[in-house]
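Take a look at the structure below.
The values are calculated or read from the model by the stated rules, or taken from the named source; none is laboratory data. What you are looking at is a predicted structure, and each value in this text was computed from that prediction instead of being measured. Note that we place each Cβ from the backbone using ideal geometry, even for glycine, and neighbour counts take in every protein chain shown. These accessible areas exclude ligands, DNA and RNA; they are computed on the full protein's heavy atoms, side chains included. Shrake-Rupley method; radii C 1.70, N 1.55, O 1.52, S 1.80 Å.
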Amino acid sequence: MNSIIEVKNLSKLFGGFTAVDNISFVLKEGEILGLLGPNGAGKTTTIQMLLGVLTPTKGEITMFGKEFFKYREEALEMINFSSTYTTLPWDLTVRENLTYISYLYALFDRKKRLQEITALFKLEDLLEQKISQLSAGQQTRVNLAKAFINFPKILLLDEPTASLDPDVAAYIREFLLQEQKKFGVSIILTSHNMAEVEELCDRIVFINKGAIVADDTPENLARSIKICHIEIAPPAEEFQKLRQHLEARRFSFSVEKRSAVINLEEQKVAAFLQELSAEGIQYEEISIEKPSLQDYFLQMTKTENHEAP
Amino acid sequence: MLRYFYLTRHSFDRATDMLYWPILDLLLWGLTSAYFQSYISETDTVIFTIIAGIIFWFVVVRGQYEMSVNILEELWNRNMVNLFVSPLKFSEMIAASAIISVAKAAIGFSFAAFLAKLLFDVNLIYFGIYLFPLTLVLLMTGWVIGLFVAGTILRFGTKLQALAWTLVWVISPFSAIYYPLSILPGWGQTIAKFIPVSYVFENSRMFIMSGRVDIYELSMTILLSVIYLICALWYAHRSFAKSLEKGLVKLY
């Protein structure tokens with residue numbers, strides 16, 4: 001796959017504060033790249049620089065093989081953006097917003113395109129409503145429709161499904177995957193929904209304190225966390241015995257209703273279960289959850305919090 | 001342009017203010033000058049001068065208002081990011097505001113001119129071909145102030161938004177809208193020399209009284225306005241570049 005975006009040594013300083021610190025990464029054609037990190041890590045700053053609405057302090061952005069800031073308008077013709085945190089003009093109706101935005105792009109058949117995206121994002125009944133009259137979820141759908149108006153080759157999505165109902169969010173995720181497969185759309189997205197990121201993203205760039213700390217697939221990142229979670233539900237009369245054992249052996253665990261969730265290194269699971277058996281601790285239910293992207297995220301942000309002065 | 005058309009359609013104040021103020025000023029000052037004319041002899045031209053001043057000044061205000069308030073609208077709506085993640089150039093946004101201001105000024109001007117003829121028998125068509133250079137300078141001066149305000153708001157945010165409604169009035173005493181420049185004190189006349197519209201109002205009065213204008217002075221005024229406009233465009237562009245350093249998302 002060819003690189004469609006190349007970011008080299010990109011930095012952004014606000015006065016003495018370094019928001020983005022010398023980051024480099026690529027987005028390949030048809031790839032969905034997740035930009036993850038705790039709040040204030042530099043994700044949004046990076047996206048803003050990729051959109052040209054924030055000037056980098058140093059570094060280079062190449063899009064479609066050309067220097068972005070030199071060919072900004074040409075590149076933006078093929079890019080679009082949606083964020084839960086930006087709104088369209090409140091006094092204008094959905095139809096008016098989509099219509100005037102369509103005129104910002106060189107579209108061949110505007111009317112047809114407006115009909116298509118209206119149908120795709122199920123906005124037919126909302127067209128004559130003002131943005132101010134829409135719910136948060138409906139506004140997100142209008143924002144996404146706006147993002148697809150110009151047949152983008154690159155999409156930058158900041159929390160694309162936040163505030164959507166689960167069924168609509170699932171529909172949008174499916175739609176994004178279809179667009180990626182059918183038209184080779186490359187996507188950079190940020191999300192705090194780790195399950196969504198795992199489902200959608202081919203690769204993840206994890207940013208912390210403005211710097212990239214990991215660049216890998218969701219599976220590999222999750223695998224880098226060796227801890228898995230064992231949930232054990234013993235018979236009610238055995239619970240205290242299990243708890244005493246876990247405390248005596250100084251396991252990391254939490255109690256949820258009538259079960260205990262033990263955090264354990266994957267290779268120690270077998271020995272742990274043998275140990276329980278040897279101690280005569282029985283259980284009615286057991287489930288072993290492999291490390292997930294959520295664990296990776298929590299691990300990374302926990303490290304960050306511990307490192308903080 | 002379509003965005004501002006929709007905005008005007010939905011905004012009662014923006015749709016009406018292009019007619020409301022000219023009508024109000026026209027009635028207030030037209031009747032006042034008609035009253036004075038009835039008392040003072042040799043004042044046949046007073047009412048014409050005052051009414052031409054009102055309508056011409058409206059053109060300056062309209063040019064300035066559209067240029068600065070359109071930027072403010074985008075900041076109030078947090079819409080700058082939506083606009084500039086598209087291929088839209090800042091210069092195109094400025095051009096849209098300029099065209100909208102011409103359209104609104106034309107509507108307001110025509111309506112006010114019609115009322116002036118109807119109510120006070122003042123015919124602005126009397127200026128003939130000179131209407132074009134005169135209104136061109138008026139519009140350009142409005143744009144210059146509007147671009148300065150827009151640039152300042154882009155640099156410092158909406159905390160300075162009051163400039164959009166007030167700054168243009170700062171030059172009004174030195175613009176000699178209703179009185180000759182000679183009325184101003186020396187220092188005031190010096191300031192007026194740097195304000196292009198002061199020459200427009202002087203020449204419009206000269207035309208009303210003598211039927212002629214100072215072509216050389218008018219040409220120099222147009223040249224001065226173009227120089228100011230280039231400087232104001234440069235300032236607005238620099239301010240936009242500065243706002244990109246902070247980030248358009250943080251701009252409000």
Study note, to complete from the structure: In whole angstrom, the spacing between the Cα centers of region B:178-250 and region B:135-175 equals 12 Å
Review point. What accessible area per residue, rounded to a whole number of Å², is obtained for region B:2-251 using a probe radius of 1.4 Å?
Key: 45 Å²
Exercise for review: Only helical DSSP H runs with n ≥ 4 go in: add -39500 (n - 2.57) per run for chain B, normalise by residue count and round the 222 nm mean residue ellipticity to 500 deg cm²/dmol.
Suggested key: -26500 deg cm²/dmol
Review point. Rounded to the nearest 20 Debye, what is the dipole magnitude of region A:1-154 about its Cα centre when Lys and Arg each give +1 and Asp and Glu each give -1 at the C-beta?
Key: 60 debye
Study note, to complete from the structure: Given the candidates B:Gln64, A:Ser292, A:Ile225, the one whose Cα lies deepest towards the positive end of the charge dipole of the protein assembly as shown, counting +1 at each Lys or Arg C-beta and -1 at each Asp or Glu C-beta, is B:Gln64
Revision key, fill the gap. Treating only Lys and Arg (+1) and Asp and Glu (-1) as charged, each at its beta carbon, one finds that chain B has a dipole about its Cα centre, in Debye to the nearest 20, of 940 debye
Review point. How many Å² of accessible area per residue for chain A, probe 1.4 Å?
Key: 48 Å²
Practice item. Tabulate in residue order the Karplus-calculated ³J(HN,Hα) for region A:64-76, using 6.51 cos²θ - 1.76 cosθ + 1.60 with θ = phi - 60°, rounded to whole Hz; enter x for Gly and Pro. Key: 6, x, 10, 5, 4, 6, 7, 10, 4, 5, 4, 5, 5
Practice item. Just the number, please: buried accessible area between B and A, total of both chains, 1.4 angstrom probe, nearest 100 square angstrom. Key: 2400 Å²
Revision key, fill the gap. Charge tally for neighbours of B:Met18 with beta carbon under 12 Å away, counting Lys, Arg as +1 and Asp, Glu as -1, is 0
Study note, to complete from the structure: Comparing each residue of region B:69-111 in the complete protein assembly with the chain by itself (heavy atoms, probe 1.4 Å, ligands and nucleic acids ignored), those losing at least 10 Å² of accessible area are B:Asn77, B:Arg78, B:Asn79, B:Val81, B:Asn82, B:Leu83, B:Phe84, B:Val85, B:Ser86, B:Pro87, B:Leu88, B:Lys89
Review point. How many partner chain Cβ atoms sit within 10 Å of a residue's Cβ in peptide A:146-155, on average, as a whole number?
Key: 1
Review point. Using a probe of 1.4 angstrom, how much of the accessible area of chain B is carbon and sulfur, in percent?
Key: 72 percent
**Study point:** Links that overshoot a 20 Å alpha carbon limit, given the list A:Lys12/B:Lys246; A:Lys8/A:Lys58; A:Lys66/A:Lys182; A:Lys58/A:Lys302; A:Lys58/B:Lys242; A:Lys8/A:Lys66
**Key:** A:Lys66/A:Lys182; A:Lys58/A:Lys302
Exercise for review: Have a look at region A:37-57 and report residues whose accessible surface goes down by 30 Å² or more when the remaining protein chains are included, against the chain on its own, probe 1.4 Å, ligands and DNA/RNA excluded.
Suggested key: A:Gln48, A:Val53, A:Thr55
**Study point:** ³J(HN,Hα), Karplus 6.51/-1.76/1.60, whole Hz, each residue of region B:142-159, x for Gly, Pro
**Key:** x, 4, 4, 5, x, 5, 5, 5, 4, x, 5, 5, 5, 7, 10, x, 6, 4
Study note, to complete from the structure: Phi-derived 3J(HN,Hα) across region B:216-226 with the Karplus relation (6.51, -1.76, 1.60, θ = phi - 60°), rounded Hz, x for Gly and Pro, is 4, 4, 5, 5, 5, 5, 5, 4, 4, 5, 5
**Study point:** Relative contact order (%) - criterion: Cα under 8 Å, at least six apart; region: region B:1-80
**Key:** 25 percent
Check your understanding: Which is farthest toward the positive dipole end of region B:2-251 among B:Met206, B:Ile51, B:Ala232, measuring Cα position about the Cα centre, with Cβ charges +1 (Lys, Arg) and -1 (Asp, Glu)?
Key -> B:Ala232
**Study point:** Surrounding net charge for A:Lys290, when Lys and Arg each add one and Asp and Glu each subtract one, Cβ distance under 11 Å
**Key:** -2
**Study point:** Occluded residues from region A:97-119, i.e. those whose accessible area drops by 50 Å² or more once the chain is not alone (1.4 Å probe)
**Key:** A:Tyr100, A:Leu104
Review point. Taking amide H positions as placed 1.01 Å from N in the peptide plane, with prolines and chain starts having none, which residues 5 or more places from A:Ser83, or on another chain, fall under 5 Å of its amide H?
Key: A:Asp158
Check your understanding: Accessible area, 1.4 Å probe, largest first: how do A:Tyr85, B:Tyr126 sort?
Key -> A:Tyr85, B:Tyr126
Point to revise | Three-way shape label, region A:3-222, alpha-carbon gyration tensor, a/c 1.5 | key: prolate
Review point. Once amide H atoms are placed 1.01 Å from N in the peptide plane, what residues at a sequence separation of 5 or more from A:Ala214, or on another chain, have their amide H within under 5 Å of its amide H?
Key: A:Phe206
Check your understanding: Pick from A:Gln240, A:Gln180, A:Gln115: which is most flexible by mean-square fluctuation in a GNM of chain A where alpha carbon atoms under 10 Å apart are linked?
Key -> A:Gln240
Point to revise | Dipole of region B:2-251, positive direction: furthest Cα of B:Trp165, B:Ala192, B:Leu88, with charges on the beta-carbon | key: B:Leu88
Practice item. Take every Cα pair under 8 Å in chain A that's 6+ residues apart, average their separations, divide by the length, and report that relative contact order as a whole percent. Key: 20 percent
Review point. What net charge is computed for the residues neighbouring A:Gly30, neighbours being all others with C-beta under 11 Å from the C-beta of A:Gly30, Lys and Arg scored +1, Asp and Glu -1?
Key: 0
Practice item. At 1.4 Å probe size, with no ligands or nucleic acids counted, give the accessible surface of B:Trp76 in Å², nearest ten. Key: 110 Å²
Review point. Share of chain A's accessible area from carbon and sulfur, percent, 1.4 Å?
Key: 49 percent
Practice item. Before anything else, pin down the relative contact order of chain B: Cα pairs under 8 Å, at least 6 apart, normalised by residue count, whole percent. Key: 25 percent
Check your understanding: Calculated from DSSP H runs of 4 or more alone, at -39500 (n - 2.57) each and per residue, what is the 222 nm mean residue ellipticity of chain A, nearest 500?
Key -> -11000 deg cm²/dmol
Point to revise | Centroid-to-centroid separation of region B:100-129 and region A:71-140 [C-alpha atoms, Å] | key: 39 Å
Exercise for review: Would you mind working out the magnitude of the charge dipole of region A:226-290 relative to its Cα centre, with +1 at each Lys and Arg C-beta and -1 at each Asp and Glu C-beta, to the nearest 20 Debye?
Suggested key: 220 debye
